[in-house]
1. Restricting attention to the stretch 1-49, which residues are modelled with pLDDT under 80, of a type in the set (A, V, I, L, M) and in a loop (DSSP other than H, G, I, E, B)?
2. Take the conditions buried (at least 21 other Cβ atoms within 10 Å of the Cβ) and in a loop (DSSP other than H, G, I, E, B) and apply them to Ser242. Does it pass?
3. Just to check your reading of the model, which residue among Gly88, Gly119 is crowded, with 21+ Cβ neighbours inside 10 Å and either over 20 Å from Ile241 (Cα atoms) or in contact (Cβ under 8 Å) with a residue 40 or more places away in the chain (or both)?
4. Could you list, in sequence order, all residues of the stretch 153-201 that are within 21 Å of His58 (Cβ to Cβ) and either basic (Lys, Arg) or not in a helix (DSSP H, G or I) (or both)?
5. With under 15 Å from Leu64 (Cβ atoms) and either in contact (Cβ under 8 Å) with a residue 60 or more places away in the chain or not hydrophobic (A, V, I, L, M, F, W, C) (or both) as the only criterion, which of Leu34, Leu10, Leu38 stands out?
6. Please verify whether Leu44 is without any contact (Cβ under 8 Å) to a residue 40 or more places away in the chain and either of a type outside the set (S, T, N, Q) or crowded, with 18+ Cβ neighbours inside 10 Å (or both), treating the condition exactly as stated.
7. For Pro204, which of the numbered conditions (1) out of contact with any Cys (no Cβ under 8 Å at 6 or more places or on another chain); (2) touching a residue at least 24 places away in the same chain (Cβ under 8 Å) fails to hold?
Amino acid sequence: MINWLGMYTLFIKEVWRFLKVTIQTILTPVVTSLLYLLVFGQALEEHVEVFDGVNYLHFLIPGLMMMNIITNSFANSSSSLIQSKMNGNLIFVLLAPLSVLEIFLAFTAAALLRGIMVGFVVYLAVSPFIQLPIHSPMMVVAFALLGSASLGAMGIIGGIWAENYDQHAGFQNFIILPLSFLSGVFYSLNSLPELWQTVSHFNPFFYMVDGFRYGFFGQSDADPQLNLLICSLFLLFLAFISLSMLHKGYKIRR
């Protein structure tokens, strides 16, 4: 039997945690995205090759949306866990009548909600000025959910692994940030040399951005079905790792 009430309570606790600081968790990423849009849109408008018939500013917006979905989903679950560990109150979550799966689902769902909210607010912020076409709403939703859930699970891994705020920042700055910036947010893969195109195909974040962008324009650098498959497998892999760490009590039960 699943403890729905307990899982919902933990989920609501995580949601209120980021809603109480909406300027930091929601509005700041939106302002950052608008600055990226202004600077890169003006500087690279005539210099970056994108899809046929797609203006660079239009091309850039889905990438920025997915980058915010990725980074904020990771930040939500990872920061919650590291703060709980450093403050010494993680024990109250571990003592609650919740299974490992229920804890995982509550943290991941809250991270998913924050990522989707930030991505949607970015879309609302630019929509008065730039109208994006939507080729496949189902693909947009599918990749938004896969991307946010995957990074929510990765945030659990990072939050459990990190023993202090410095290690947590290192995980975010040396793994999440480079992978998100090198995932095709600001460029099409066709504009890169062949070597870097090959390297980019080993970046799982590329398939999230590429598939999400396909939902808007109906064009992508990789096959949409391949994007969907790799993102789904990546989510399952991260879920397995995070569930295993929670089950073993790695760095959280001492």
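1. Passing the criteria: only Val48.
2. In short, no.
3. Gly119
4. Ser183, Gly184, Val185, Phe186, Tyr187, Ser188, Leu192
5. Only one candidate qualifies: Leu34.
6. no
7. The single condition Pro204 does not satisfy is (1).
Conditions (1) under 25 Å from the mean Cα position of the chain (by Cα); (2) surrounded by 16 or more Cβ atoms within 10 Å (Cβ to Cβ), marked per residue:
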site: Phe18; (1), (2): yes, yes
site: Ile23; (1), (2): yes, no
site: Pro29; (1), (2): yes, yes
site: Val39; (1), (2): yes, no
site: Gly53; (1), (2): no, no
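The values are calculated or read from the model by the stated rules, or taken from the named source; none is laboratory data. Keep in mind that what you see is a predicted model, and the values were worked out from it rather than measured. Methodologically, a virtual Cβ is constructed for each residue, glycine included, from the backbone with ideal geometry; neighbour enumeration extends over all protein chains shown.
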